[in-house]
Amino acid sequence: MSLANGRPFLALPGPSVIPDRVLQAMHQPAPDIYGDALAERTIQIKKDLQTVARTDGDALIYIGNGHAGWEAALNNIVNPGDRLLALETGRFTRGWIDVAERLGARIDTMDFGTANPLDPDRVDNFLRADTNHTIKAVLVVQVDTASSVRNDIKNLRRALDASNHPALLMVDCIASFGCERFDMDDWGVDVTVSACQKGLMTPPGLAFNHINDKAWAVRQHATQVTGYWDWAPRRDPEAFFMNFYGTAPTHHLFGLAEALTMILREEGLETVFKRHAVLAKAVSAAVDGWATNGPLHCNIADPSHRSHAVTTIQTGNCDADALRHWCETQAGLTLGVGLSLEGPSNPPKSNLFRIGHMGHVNPPMILGTLATIDAGLKALGIAHGQDALARASRVVADGP
Ligand SMILES: *Cc1c(COP(=O)(O)O)cnc(C)c1O
């Protein structure tokens, strides 16, 4: 017999839980795409997106997923033969590299493994060796959704500055946008790529590029940028439709506007960050509790480098897929699949799973998730420390 009947819960690292209010905001007739109301709403959304990224740089909206955001950014930057430096801390830079290669870029990759953040000193040394400044841009993720590591972007900027290298800093914030602190202008990020379906709690379908003046200046020399991806019409739209290079994603805009209102004008961005920090700490505490006796442990050993949006858990020799299957069929909880992490010391993806704790989540959802996993471990006879749930509830009790 299964106990799964009740509200199902998807604890995936994207798409994340969509608030009922966001769904309801989308449930309305098609608006006039030539009317003032939609144009004004779009202006407000772009301002709100600047606020989330903490930038005065332009926020540009694409109809697409995170991959579209990647492609948009590189389409405006890469000319054939350009050299880019990609920093790998899991596997999410890899997809971005593929796009760059197909645009004709030559990629230098620095691999920091799958259990640690990037090391700014190594990047500094690498850039110092590039005395002719041939590297045009550095690509990095703030949070790698496969390894669940968080990179310190502020420190990376210090490394770029220390080496006096003019490369653009391009950051994929798709997993972390609206979950983790990100200060585009203060940290000197030139291009930020994000999307709506993770921290911004909106159905997949919108990607964003935030660009500063330095990135815009590089765009002026782009030789192969194509119409749809071009930043130019979206940055300085001569008519409303140029914001989207065609019909506006009307209902996505309704949903996103509601989500941004919840984040910025109701809860407040600082409180959103704190909520994510506490809930992530509760997840960490539980996994560390399980780890005291048995095979489960956090992929990222150092708690200070663990993401506030997603946690990757190694299950040793135990079958993570069986655990996920138990949680889904017996309890109505869908956990994130493991994404393969390369490297000799890494388990296959069947010995990994991920908990998404991004966006519209609160203690009953997260403590319920942890308790359900705990029950699954018991049901499947997988060894685990006994005080995991007590540790997690202590974290919630202590609060921010
Ligand atoms: C989810 C994610 C992507 C890919 O987004 P899609 O919407 O699946 O294209 C890219 N980078 C990171 C860090 C992500 O978390």
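The values are calculated or read from the model by the stated rules, or taken from the named source; none is laboratory data. None of these values were measured; they are calculated from a predicted model. Note that each Cβ is placed from the backbone with ideal geometry, even for glycine, and that neighbours are counted across all protein chains shown. Heavy atoms of the whole protein, side chains included, go into the accessibility calculation; ligands, DNA and RNA do not. Shrake-Rupley method; radii C 1.70, N 1.55, O 1.52, S 1.80 Å.
Each principal axis of the Cα atoms in region 251-320 has its own extent, and those three values, largest first, are 46, 25, 16 angstrom. Kirkwood analysis of the Cα pair distances in region 238-365 returns a hydrodynamic radius of 17.2 Å.
Restricting region 1-106 to chymotrypsin sites (Phe, Trp or Tyr not before Pro) that sit in a DSSP loop and have at most 14 other Cβ atoms within 10 Å of their own Cβ leaves Tyr34. Think of region 345-400 as having a plus end and a minus end, set by charges on the Cβ of Lys, Arg, Asp and Glu; of Pro364, Phe353, Leu389, Phe353 sits farthest toward the positive end of this dipole.
When the alpha carbon coordinates of region 147-189 are projected onto the principal axes, the ranges are 30, 22, 13 Å, largest first. The long axis of helix 363-380 is offset from the longest Cα principal axis of the chain by roughly 50 degrees.
Measuring between alpha carbons in the structure, the pairs from Lys274/Lys349; Lys47/Lys154; Lys136/Lys214 lying more than 20 angstrom apart are Lys274/Lys349; Lys47/Lys154.
Quick check: Cα centre of region 332-350 to Cα centre of region 214-240, how many Å? Between the Cα centres of region 332-350 and region 214-240 lies a distance of 38 Å.
Based on the inverse mean of 1/r over its pairs of different Cα atoms, what is the Kirkwood hydrodynamic radius of region 285-335, in Å? Here the Kirkwood hydrodynamic radius works out to 12.0 Å. Taking the Cα atoms only, what angle lies between the long axis of helix 388-398 and the longest principal axis of the chain, rounded to 10 degrees? Relative to the chain, helix 388-398 is tipped by roughly 60 degrees. The alpha carbon convex hull volume per residue for region 82-237 rounds to 118 Å³. What's log10 of I(q)/I(0) for region 325-381 at q = 0.16, 0.23, 0.29 Å⁻¹, Debye sum over Cα points only, no solvent? Values returned for q = 0.16, 0.23, 0.29 Å⁻¹ are -0.58, -0.98, -1.19. With contacts taken as Cα pairs under 8 Å and at least 6 residues apart, region 37-104 reaches a relative contact order of 27 percent. A 1.4 Å probe run over the protein chains yields, for the chain, 40 Å² of accessible area per residue, whole-number rounding. With only the Cα atoms considered, region 174-330 has a convex hull volume of 189 Å³ per residue. Note that the chain, at 25 °C in a medium of 0.890 mPa s, gets a Stokes-Einstein diffusion coefficient of 113 µm²/s from its Kirkwood radius over C-alpha pairs. Taking the C-alpha atoms only, the angle from helix 269-291 to the longest principal axis of the chain is near 40 degrees. Loop-located GluC sites (Glu not before Pro) in region 214-311 (DSSP state other than H, G, I, E, B) with a sparse environment of at most 12 neighbouring Cβ atoms within 10 Å: Glu238.
When the Cα convex hull of region 69-173 is projected onto planes of every orientation, the mean area is 5.7 nm².
In region 170-254, the ratio of gyration radius to Kirkwood radius, Rg to Rh, stands at 0.98 when only Cα atoms are counted. Entry note, the chain: relative contact order of 23 percent, from Cα contacts under 8 Å with a spacing of 6+ residues.
Dividing the convex hull volume of the alpha-carbon atoms in region 1-80 by its residue count gives 192 Å³ per residue. Note on region 123-268: with neighbouring protein chains present and a 1.4 Å probe, carbon and sulfur make up 49 percent of its accessible heavy-atom surface. Hey, could you grab the Kirkwood Rh for region 27-120? Inverse mean 1/r over distinct alpha carbon pairs, Å, one decimal. Hydrodynamic radius (Kirkwood, Cα pairs) of region 27-120 is 16.2 Å.
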